[in-house]
1. Which shape class, rounded, prolate or oblate, goes with segment B:14-98 when its Cα gyration tensor gives a ≥ b ≥ c as root eigenvalues, a/c under 1.5 marks rounded, and past that a/b bigger than b/c marks prolate?
2. By count of other Cβ within 10 Å, fewest leading, how are B:138, A:98 ordered?
3. Spelling out what I want: for every residue of segment A:11-22, take phi, set θ = phi - 60°, compute 6.51 cos²θ - 1.76 cosθ + 1.60 (Karplus), and round to whole Hz; glycine and proline get x.
4. So what J values fall out for segment A:46-52 if you push phi through Karplus, 6.51 cos²θ - 1.76 cosθ + 1.60 with θ = phi - 60°, rounded to Hz, Gly and Pro as x?
5. Using the Cα centre of segment B:71-207 as the reference point, and only Cβ charges (+1 on K/R, -1 on D/E), how large is the resulting charge dipole? Debye, rounded to the nearest 20.
6. Working only with C-alpha atoms, what are the Rg and Dmax values of chain B, expressed in angstrom?
7. If I take every Cα pair under 8 Å that is 6 or more residues apart in chain A, average their sequence separation and divide by the length, what percent do I get for the relative contact order?
8. Per DSSP H run of n ≥ 4, the term is -39500 (n - 2.57); total these for chain A, divide by its residue number, and report the mean residue ellipticity at 222 nm rounded to 500 deg cm²/dmol.
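Please treat every number below as a calculation from the coordinates, not as lab data. Remember, predicted model here, so these are calculated numbers, not experimental data. Positions of Cβ are generated from backbone atoms using ideal geometry, with glycine treated the same way; all protein chains shown enter the neighbour counts.
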Number of protein chains: 2
Amino acid sequence: MTASKDSVPRQRDRAGTAAALVENAKALLAEQGFQALGINAIARRAGCDKQLIYRYFGGLEGLLDALGEDIAADVTRRLAPLDALGKPQSYAELMERLALGLLQALRDDRLMQRVMAWEIAEPSPLLTRLTLARSKALGMWMMQTRGNLTPPPEVDAPACNAILVAAVQHIVLAGAAAGQFSGLALRADDDWERLRKALKRTIRALYGA
Amino acid sequence: MTASKDSVPRQRDRAGTAAALVENAKALLAEQGFQALGINAIARRAGCDKQLIYRYFGGLEGLLDALGEDIAADVTRRLAPLDALGKPQSYAELMERLALGLLQALRDDRLMQRVMAWEIAEPSPLLTRLTLARSKALGMWMMQTRGNLTPPPEVDAPACNAILVAAVQHIVLAGAAAGQFSGLALRADDDWERLRKALKRTIRALYGA
DNA sequence: CTACCATGTCACTGACCGGTGACAATGGGT
DNA sequence: ACCCATTGTCACCGGTCAGTGACATGGTAG
């Protein structure tokens, strides 16, 4: 019952080995969570000696830094599909896309779920940096996509958006962990559809049709 | 640099020892999180031998069961202050009380934060049971307090409420972990006040004034 | 060919973990 | 006074962890 390895045997290829270590760390995190992310486990999975982690990354911390950059790059890549729909016509539509897009992207991304769970369970400077990078990427996307759309002046949009994003994140995490949240089943697709509808309604109620 | 102990030396007092074990497990969880909740650590903190955990609870699992009941009792106790304000006059007011009350209660309750982080990071039958108990307690409070207030028929209240509760929970957890969320600082009280306002607005927008 | 350095492997340490069996102390019932 | 179950303590086991020093291997520059 050993996890499958992502990397083929390399030979005297430092860059390749280092990349394999990062790759396997990533996979291990996605599959088993941050608890399993130890020096021994990563080296074992990558099929090389843990000594190399110390040599090439200066220890687990260094490897996690590299992993962090890798993940940060994933975030912006994940946001790209949202632009395929063209420019939104209203602030409400903008937020609707963001919220629903985030919901879908997060649901599909076990790795990101693990990272977010990690951030919550065991804060650390590295993790906090990752969170920062994520919300920054979200902010950038907002700025670019928003154009000159503005929310109604009487609402505190950053705060309201934080509520929306937090709800999406928490529900996805709780759903992945327990298959339900607050009495809502979150297994079949139509459970999620109900949620999407509620999200839309909330956004419309906040920002107008 | 050892954690302070909650319990004084006991002598041949099985019930007292067992209670001290539960109590110290609780404190340990609140202070250091679920990662630190091991047989050795609990026994050390309680000032007795780990063997007693096996004898009295059949192992860590059994102790955690007892801990779970303890925590479940806390939940309903935490909900009580919400009733001090008398009956709400509208469904919106009901949900406003629930959301803001939950926000405050969670912010003040490190233990509950730890439990929720645990649930998300490392799902297990016990933890899922705890979650169930919590949402059940919330539901009971709702039923009792609601009276015959009803949400507007066109909104999916359970789904919308799930969004509200999820947002509250996630923001509290993220705030405790990183001191901010989605670009909002969550340190000083006025940061939180902004959030409360946004929550109120969202609820009013959903359920009417 | 040789010497050297980068790469990779191995064996070991010390610490901590959960778990278990044997033993010591206490106090109540007879 | 004695017995004995209950309560509590201790020492030890096997396993895993992070971390380190020594060693094998292979490519390459001289």
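1. Working: a/c = 3.65, a/b = 2.92, b/c = 1.25.
Cα axes put segment B:14-98 in the prolate bin.
2. On the way: B:138 19, A:98 23.
Placing the least packed residue first, the sequence is B:138, A:98.
3. In residue order, the calculated couplings are 9, 6, 10, 4, 4, x, 5, 4, 4, 4, 4, 4 Hz.
4. Each residue of segment A:46-52 in turn: 7, x, 9, 8, 5, 3, 5 Hz.
5. Details: 18 positive and 14 negative charges, 31 e Å.
Here segment B:71-207 has a charge dipole of around 160 debye.
6. Gyration radius and largest Cα-Cα distance of chain B: 19.6, 63 Å.
7. 21
8. Mean residue ellipticity, 222 nm, calculated: -23500 deg cm²/dmol.
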